[in-house]
Amino acid sequence: MLKWLWLSALVIALDQVGKYLISSSMQLHESIEIAPLFNLTLLHNTGAAFSFLSGAGGWQRWFFTVIALGVSAVIVLWLKRPPAADKWQAAALSLIMGGALGNVIDRVRFGYVVDFLDFYYRQWHWPAFNIADSAITVGVAILVLVTLRGSKHHA
């Protein structure tokens, strides 16, 4: 199932191109309304999801980098094992790995992750995120659905 690594590479490429385009055309904290409920807003996140540990003093940069690299290594090993029929699991794992590595590139290069997708309702804004975060979320959702579907078939 290592043939699914192309999906990880695609996620990394789309993520990095998106971050480059936003970073090169906007100022930090600048916001551009795209549609009702959605802005492009350039933010730098030194923490993890939802800015978890963003004010921790810098050690979190390498902590999250090591975790993402470790998870990616486990995913590669996992992709070596599933049967060829388990395409959804392979796709999900590849999305997760691509997202994790897309954010690792930012952490290593800049010390923060570039976020720019800003969904909101009135004054409430969902924490900004990026393409890598989206790939991780979709990958985890697929993995959960595949696991639940599998457990129903085995019951």
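Brief remarks on what is shown
- Candidate set: segment 137-155, residues that are buried (at least 17 other Cβ atoms within 10 Å of the Cβ) and modelled with pLDDT of 95 or more; chosen: the one farthest from residue 92 (Cα to Cα): 142
Residues checked against (1) without any contact (Cβ under 8 Å) to a residue 24 or more places away in the chain; (2) more than 11 Å from the chain's Cα centre (by Cα); (3) surrounded by 20 or more Cβ atoms within 10 Å (Cβ to Cβ):
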{"residue": "77", "(1), (2), (3)": "yes, yes, no"}
{"residue": "90", "(1), (2), (3)": "no, yes, yes"}
{"residue": "101", "(1), (2), (3)": "no, no, yes"}
{"residue": "104", "(1), (2), (3)": "no, no, yes"}
{"residue": "117", "(1), (2), (3)": "no, yes, yes"}
{"residue": "122", "(1), (2), (3)": "yes, yes, no"}
{"residue": "127", "(1), (2), (3)": "no, yes, no"}
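- For segment 22-35, filtering for residues that are assigned to a strand (DSSP E or B) and either closer than 16 Å to residue 113 by Cβ or not hydroxyl-bearing (Ser, Thr, Tyr) (or both) leaves 4.
- A Cβ distance below 8 Å, combined with a sequence gap of six or more or placement on separate chains, defines the contacts here; from segment 1-16, residues that are in contact (Cβ under 8 Å) with a residue 40 or more places away in the chain and surrounded by 14 or more Cβ atoms within 10 Å (Cβ to Cβ) reach residues that are of a type in the set (S, T, N, Q) and outside any helix (DSSP H, G or I) in the pairs 15/130.
The values are calculated or read from the model by the stated rules, or taken from the named source; none is laboratory data. Since the structure is predicted, the reported quantities are computational estimates derived from the model, not experimental observations. Virtual Cβ from ideal backbone geometry, glycine too; neighbours counted across all protein chains shown.
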